[in-house]
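The values are calculated or read from the model by the stated rules, or taken from the named source; none is laboratory data. A quick note: this is a predicted structure, and the numbers were derived from the prediction, not measured. Here the Cβ positions follow ideal geometry from the backbone for every residue, glycine too, while neighbour counts run over all protein chains shown. Protein only, heavy atoms only, side chains kept; ligands, DNA and RNA dropped before computing areas. Shrake-Rupley method; radii C 1.70, N 1.55, O 1.52, S 1.80 Å.
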Amino acid sequence: MLGFHTASAIRAAEEATGDLLTGGVLMRRASAGLASVVIAELLARRGAVYGARVGLVVGSGDNGGDALYAGARLVRRGVSVVAVALDRDRAHESGSRAFTAAGGRWVSTMPSDVDLVVDGVVGLGGSGPLRPVAAGVFAGVRAPIVAVDLPSGVDADTGEIHTPAVHAAVTVTFGARRRAHVLASSQCGRVVCVDIGIDPGAAGLVALSDSDIAREWPVPGPVDDKYTQGVVGVIAGSDRYPGAAVLCSGAAVAATSGMVRYVGSAAEQVVARRPEIVAAPDLDAAGRVQAWVVGPGAGTDDAAEDLLRRILAADVPVLVDADGLTVVARHPEWLTGRDAPTLLTPHAGEFARLAGHEVGADRVSAVSDLAARLEVTVLLKGRVTLVSDAAGPVIANDAGSSWAATAGAGDVLSGIAGALLASGLAPRVAAAAAARVHADAARLAAHGSDPTGHGAPIGASDLLAAVPAAIRDIRSAGSGHDR
């Protein structure tokens, strides 16, 4: 499990080191780590360090100092290093001396022939977009950028990407990862965390590893049968949207080895695609389940409303998605005080209906506040999915791509998560695990047999077909193997 920390937690951890901070030891450790990453990038990109050309863009704070000290180390390794200071009079004093003494050169404009550029403009203390002078410097940069701590123009705590902002190929951070490293992962590139000897404590935002998910994923044991592994009920689809029922119930079948019951008007299409699904004409004939998935394509009329009210009155976990979220936004009192867990899976528009306001830039606070107010677990969809139950840390899952941004993909996610709920996983774990498998299935479907290729657009049916392979890959990466 990886933790992602707030700027205040990082500052407090640095201050707790006392003389190591004030005496410059932490900066020397950070700059040594930064220089090592730049050297590794040069070797990977051009096969040699000696004779390489590196440019520094230097602000007035400690990030500029990190860059300058690293620049001095690079010069001593035979790299030609130039620095553009956004304000030379305010550049880090001791870092400037070390850089100049080593043979680094100050220039007014960034040369066009550099191999790499180091962004040392702003870090944890930065806010808002790049200032005009800095934006002008980076506008002419064509080389890959290595960001110090954070790409300048990205908010450290919310991950908000301002315009303009630096787009880094690599981000080098120190001691512990910042929240922006996952919330704005697409802007940060590859993140390298250099140990400098600080401890920011427990994180309020975490990401599960493949091993974490592999340990939790339910697999049949020696005495299991279809009932003990979890029976999930799916209420989805309609005459107008039968595909939602097919996708959601099909995903539930693919996720676990239990049993899927379906209730709805698309029973014929569902059973035709997956004959192992047990269909019923109405709720009274459905039989017992260990969890319900309600909402995808199911409508928002009076009948749908009455059905959801009855489901939420039952003493089993319930996942509410899509049309179901529109209904519960009108009746939040149905959610608060439930004895059994509730998992809501909104996208940004559905979140706004539930919360009464837009998600905003601070997605972590937004999802935590809604979960606490409604007394539920919330999975907020996006390229970086966030899961909160207001009790533990928020769980982030970075999909690494947006291939899953296609019609019907949310129905697949709901089916996976609902099956995991029925198997007995806690809602936050079921939601996070489902998000990971969903993202990996989208990647596998887009790239086919060539994971290094460019990929191609997919539909939700393609994503669904790749779910078993995604589960196998995660269980394999987590070192779990069948016994």
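Classify the stretch 172-288 as rounded, prolate or oblate, taking a ≥ b ≥ c as the square roots of the eigenvalues of its Cα gyration tensor: rounded when a/c is under 1.5, otherwise prolate if a/b is larger than b/c and oblate if not. Before the final figure, lay out each step's value.
Working: a/c = 3.76, a/b = 2.24, b/c = 1.68.
Note, shape of the stretch 172-288 comes out prolate.
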#### Entry: Size of the stretch 61-102 as Cα extents on the principal axes (Å, biggest first)
27, 16, 15
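Over the stretch 319-425, what is the mean sequence separation of C-alpha contacts under 8 Å (at least six apart), divided by residue count, expressed as relative contact order in percent?
Values: 140 pairs, mean separation 22.9, N = 107.
The normalised contact order for the stretch 319-425 reaches 21 percent.
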### Message
On alpha carbon coordinates alone, what is the Rg over Rh value for the stretch 262-382, Rh being the Kirkwood radius?
### Response
1.00
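Only Cα pairs under 8 Å and at least 6 apart count here; give the relative contact order of the stretch 363-404 as a rounded whole percent.
Details: 61 pairs, mean separation 13.4, N = 42.
So the answer I get is 32 percent.
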### Task
Would you grab the residues whose amide H sits under 5 Å from the one on Leu56? Only those 5+ places off in sequence or on another chain, please, with H modelled 1.01 Å from N.
Val82, Ala83, Val84, Val118
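When only Cα pairs under 8 Å and 6 or more residues apart are kept, what is the percent relative contact order across the chain? Mind showing how you got there, number by number?
Details: 1100 pairs, mean separation 60.7, N = 483.
Answer for the chain is 13 percent.
How long are the three semi-axes of the equivalent ellipsoid of the stretch 35-82, in whole Å, if each is the root of 5 times an eigenvalue of the C-alpha gyration tensor, listed from largest down?
On the way: eigenvalues 77, 20, 15 Å².
The answer is 20, 10, 9 Å, longest axis first.
Of the chain, which part is the longest with no GluC sites (Glu not before Pro) in a loop (DSSP not H, G, I, E, B) and with at most 12 other C-beta atoms within 10 angstrom? Intermediate values should be presented prior to the final figure.
Numbers: sites that count: Glu276, Glu358.
The longest uninterrupted stretch comes out as 1-275.
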### Cα centroid of the stretch 88-158 to Cα centroid of the stretch 247-318, whole Å
55
### Message
Can you give the log10 of the normalised intensity I(q)/I(0) at q = 0.10, 0.17, 0.18, 0.21 Å⁻¹, computed with Debye over equal Cα scatterers of the stretch 339-483?
### Response
-0.34, -0.94, -1.04, -1.30
### Query
Taking only Cα atoms, what is the 0 to 90° angle, nearest 10, from helix 25-46's long axis to the longest principal axis of the chain?
80
### Task
Please list the non-local residues whose amide H lies under 5 Å from the amide H of Leu319, H modeled 1.01 Å from N, same-chain partners needing a gap of 5 or more.
Trp292, Val293, Val294, Leu343
### Message
For the chain, what does the accessible surface come to per residue with a 1.4 Å probe? Please give it in Å².
### Response
42
### Summary
per DSSP, antiparallel bridges as share of beta bridges in the chain, % nearest 5, sits at 20
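For the stretch 282-332, just run the numbers: alpha carbon Rg, then divide by 2.2 N^0.38 Å, N being how many residues it has.
Details: Rg = 10.3 Å, N = 51, 2.2 N^0.38 = 9.8 Å.
In units of the globular-protein estimate, the stretch 282-332 measures up at 1.05.
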### Task
May I ask you to evaluate 6.51 cos²θ - 1.76 cosθ + 1.60, the Karplus curve with θ = phi - 60°, for each residue of the stretch 264-270 and list the ³J(HN,Hα) values in order in whole Hz, giving x for glycine and proline?
x, 7, 9, 4, 4, 5, 5
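Cβ under 14 Å from Asp339's Cβ, Asp339 left aside: what net charge do those residues give with Lys, Arg +1 and Asp, Glu -1?
Working: positive: Arg338; negative: Asp315, Glu375.
Residues near Asp339 contribute -1 overall.
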### Message
If you split all Cα-Cα distances of the stretch 98-145 into 10 Å bins from zero, what percentages do you get per bin, shortest first?
### Response
20, 49, 29, 1
### Query
If you plug each phi of the stretch 124-129 into the Karplus form 6.51 cos²θ - 1.76 cosθ + 1.60 with θ = phi - 60°, what whole-Hz ³J(HN,Hα) values come out, in order, with x for Gly and Pro?
4, x, x, 8, x, x
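Obtain the radius of gyration and the Kirkwood radius of the stretch 315-391 from its C-alpha atoms and give Rg over Rh.
Details: Rg = 11.2 Å, Rh = 12.2 Å.
Here Rg/Rh amounts to 0.92.
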### Query
What percentage of the solvent-accessible surface of the stretch 403-483, computed with a 1.4 Å probe over protein heavy atoms, is contributed by carbon and sulfur atoms?
53
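Could you work out what % of the accessible surface of the stretch 73-119 is carbon and sulfur, using a 1.4 angstrom probe and leaving DNA, RNA and ligands out of the count?
Numbers: 1040 of 2500 Å².
Roughly 42 percent of what the probe reaches on the stretch 73-119 is carbon or sulfur.
What number results when the radius of gyration of the chain, computed over Cα atoms, is divided by 2.2 N^0.38 Å?
1.11
Beta carbons within 10 angstrom, averaged per residue: use that to sort the peptides 316-328, 193-205, highest first.
Working: 316-328: 26.1, 193-205: 16.4.
So the order, starting with the most tightly packed, is 316-328, 193-205.
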### Query
Within the chain, what is the longest stretch that has no chymotrypsin sites (Phe, Trp or Tyr not before Pro) placed in a DSSP loop and near at most 12 other beta-carbon atoms within 10 Å?
228-483
### Task
Calculate how many DSSP beta bridges within the stretch 344-429 are antiparallel, expressed in % of all such bridges and rounded to the nearest 5.
90
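With a sphere of radius 12 Å drawn around the Cβ of Ala252, what net charge do the other residues whose Cβ falls strictly inside it have (Lys, Arg +1; Asp, Glu -1)? Don't jump to the answer; show the numbers that get you there.
Details: positive: Arg261, Arg274; negative: Glu276, Asp411.
It works out to a net charge of 0.
Starting from the alpha-carbon convex hull of the stretch 176-226, give the projected area averaged over all orientations, in nm².
On the way: hull surface 25.4 nm².
Taking the Cα atoms of the stretch 176-226, their convex hull projects to 6.4 nm² on average.
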### Message
Can you give me the long-range amide H partners of Ala286? Hydrogens built in the peptide plane at 1.01 Å from N, cutoff under 5 Å, separation of 5 or more residues or another chain.
### Response
none
### Task
Step through the residues of the stretch 319-327 one at a time and calculate ³J(HN,Hα) from phi using the Karplus curve (6.51 cos²θ - 1.76 cosθ + 1.60, θ = phi - 60°), rounding each to whole Hz and writing x for Gly and Pro.
9, 10, 9, 6, 4, x, 5, 4, 5
